[in-house]
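Heads up, the thing below is written out as structure tokens.
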Amino acid sequence: MTAHDERSAFEARVPHDPAYWSALAERITRSADPVFAELRVGQAWWNPLDRFGPALSIGAIAAAAATFVALPAGGPAAASNDDARPETVANPTDLLQNAFITPSLPDVMTLMILGTEE
Amino acid sequence: MSSIDASDSELVRRTREGDREAFGVLVTRYLRPTLAVAWEYAPSRDDAEDLVQEGFHRALRGLDGFDTRQPFRPWLFTIIRNVARNAAATHARWHSVAIPDELPADDPDPLDDAYRAELRDRIGAGLDLLPPMQRACFRLCDIEGFEGNEVAEMLGVNAATVRTHRHRARAALRKALQGLNDERKA
């Protein structure tokens, strides 16, 4: 008895007909519709972002690095003293400035002056 | 890139997003080996088809937990085997081995037909007596024509284990068929 005899005695039971495989694949794929529906219900809104995961991670790292570089020398403590001061100091005599930066409504005189300048 | 040519990881990603076509390509790509594995546990093709269907559904449900950096094939085969084992454990009748009823009659010689029928019966009986892993390795490699490495992946063992089981299965079957061969020579 040779190996060839052993093989020829049994036909492969897994079918060779392409039509059989197409039909079975179609059946399995179609029968998965309820599973797809079930998964869609439970799917979180951020799941589609998964495909951008690497890019988003790189972006976040770059943003963190940029923030660190942009900090003034001496660290956050140094920045909290001088840099926190407003760039412009309110000047009570500057009517135009007062008209725009003060929380209160400008008085009638101020509006008249601004209107005259135009 | 068309779906047919897409990598497994690309198809998995698209399936996760609800792409049925991508899922269909995965099913088509792995249908034959998964059916062959499932049939090692099931008594009939119909039962094996049901197992494969259940296995693909479970894989679909589990895709969110699948790490796409890992290969898809072994993961899928593990699911198929688990589904098949669980089913076999709950169906006592599944412990028997399904043997094809008919064989191709290439040679019209009635003596040869009788010899082939006897040969088939003895191989069938011999396969029945083999341990499950030997039977699976022999059948998948020597009858179904899968490569040893492929069968190793399908069964979740290494290639050397498959070779060992095939060797032992062949030795056992040769022994079972020795009497028939002697009778024919006489």
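What nm value, rounded to one decimal, do you get for the distance between residue B:58 and residue A:37 when each label is placed 7 Å out toward the C-beta?
That separation, rounded to one decimal, is 2.4 nm.
Arrange the following residues from fewest to most other Cβ atoms within 10 Å of their Cβ: B:4, A:28.
B:4, A:28
Along the Cα→Cβ direction, 7 angstrom out, place labels at residue A:93 and residue B:113. What is the inter-label distance in nm?
So the label points at residue A:93 and residue B:113 sit 12.4 nm apart.
Using a 10 Å cut-off around each Cβ, can you sort B:39, A:21 from fewest to most neighbouring Cβ atoms?
A:21, B:39
Using 0.36 nm times the number of residues separating residue A:51 and residue A:65, minus their current alpha carbon distance, what extension gain do you get?
Gain in length upon complete extension: 2.7 nm.
Every number in this text was worked out from the coordinates using simple rules, so none of it is lab data. The shown structure was predicted, so the numbers you read here are calculated from the model rather than taken from an experiment. We place every Cβ from the backbone using ideal geometry, glycine too, and count neighbours over all the protein chains shown.
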